[in-house]
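Trainee: Dropping a structure here in structure tokens format, bear with me for questions.
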Amino acid sequence: MQQQPMKGQESGSRGGAEVGVVKRKAERDDPAFPSPPPSPPSPLPIFLFPSELVFYSDQRSSHRRVLTLYNPYIFTIRFKMLCTAPSLYSVAEAEGSVRAKSCVDLVVRHQDVSPRHWGRRDRFRLEVSGGGKGANREVWAELRGGEATAQNQPTSPPRLLPPSLASLPYFTLPQKVRRLSQFAVSVVMGVVCVAFLMLPLHSEPNNLVPSYAHVTVTQKLVCAYTLGLLTMVFLR
């Protein structure tokens, strides 16, 4: 014989469900039960080069270093430079903004190159925000005694000639011609890197540039790093 639920039991179960719904709604509205925090936005990639500043006490030209901040995005970014030893450094335009598809140079000067600070390492932190995102980047600075020499620069291993070619005479270009050719190559590479940085990303809609000319963030990072190295070469 099939049993049917009693009316009292049905009303009791419906009443318990309604009480549970009201209780959950009250918990959502009650400040004592806050809603879970939203997931944090992804950090904003920062294009800042070089990644380290080296000063030499006996080389006056090295007392001034340049940090280049690139903005390859379609919006303006704001920046602020902080330092662990503000009394030893001065930064031109330590706070400001960078327009879309442009860059800015931050000139860092060392104020005290006395021997007591030789070997000292300080840290700069650049805080960047824009497009609803934010991030920070750290750059180390070090003061070294003496001057920059060839020992501080990476050297390529010597190339050995075959015995059949070792006795043949060879000609070398004059030093002035070699420097001029190296400068021309550096300028061409710099122009190519700037052109890559100005191209839109794959995720950015742009009707003026065809889709096959869009680049990735990794490609822009490589170009910005290369352009930072070329900037150091030009400043020398």
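Trainee: Do we find a residue being touching a residue at least 12 places away in the same chain (Cβ under 8 Å), polar (S, T, N, Q) and surrounded by 14 or more Cβ atoms within 10 Å (Cβ to Cβ) anywhere in segment 122-140?
Mentor: Checking segment 122-140: at least one residue is touching a residue at least 12 places away in the same chain (Cβ under 8 Å), polar (S, T, N, Q) and surrounded by 14 or more Cβ atoms within 10 Å (Cβ to Cβ).
Trainee: Further question on the same structure: Checking the condition within 26 Å of I46 (Cβ to Cβ) and aromatic (F, W, Y), which residue from F196, F183 passes?
Mentor: It is F196.
Trainee: A further question follows. Which of the residues that make up segment 106-121 are crowded, with 16+ Cβ neighbours inside 10 Å and either more than 23 Å from L44 (Cα to Cα) or outside the structural domain of P86 (by TED's automatic domain parsing) (or both)?
Mentor: Matches in segment 106-121: V108, H110, V113, H117.
Trainee: Can I ask one more? Restricting the search to segment 61-98, which residues are under 21 Å from P43 (Cβ atoms) and not in a strand (DSSP E or B)? Spell out the reasoning first.
Mentor: So in segment 61-98, the residues under 21 Å from P43 (Cβ atoms) come out as 67-82, 95-98.
P72, Y73, I74, F75, T76 - these are the residues of segment 61-98 that are under 21 Å from P43 (Cβ atoms) and not in a strand (DSSP E or B).
Trainee: Residues of segment 43-98 being charged (D, E, K, R), under 18 Å from E127 (Cβ atoms) and out of contact with any Leu (no Cβ under 7 Å at 6 or more places or on another chain), which ones?
Mentor: R78, K80, E95 - these are the residues of segment 43-98 that are charged (D, E, K, R), under 18 Å from E127 (Cβ atoms) and out of contact with any Leu (no Cβ under 7 Å at 6 or more places or on another chain).
Trainee: Here's another thing I want to ask about it. Surrounded by 13 or more Cβ atoms within 10 Å (Cβ to Cβ) and within 16 Å of L221 (Cα to Cα), is that true of L67?
Mentor: It is true that L67 is surrounded by 13 or more Cβ atoms within 10 Å (Cβ to Cβ) and within 16 Å of L221 (Cα to Cα).
The values are calculated or read from the model by the stated rules, or taken from the named source; none is laboratory data. Remember, predicted model here, so these are calculated numbers, not experimental data. Virtual Cβ from ideal backbone geometry, glycine too; neighbours counted across all protein chains shown.
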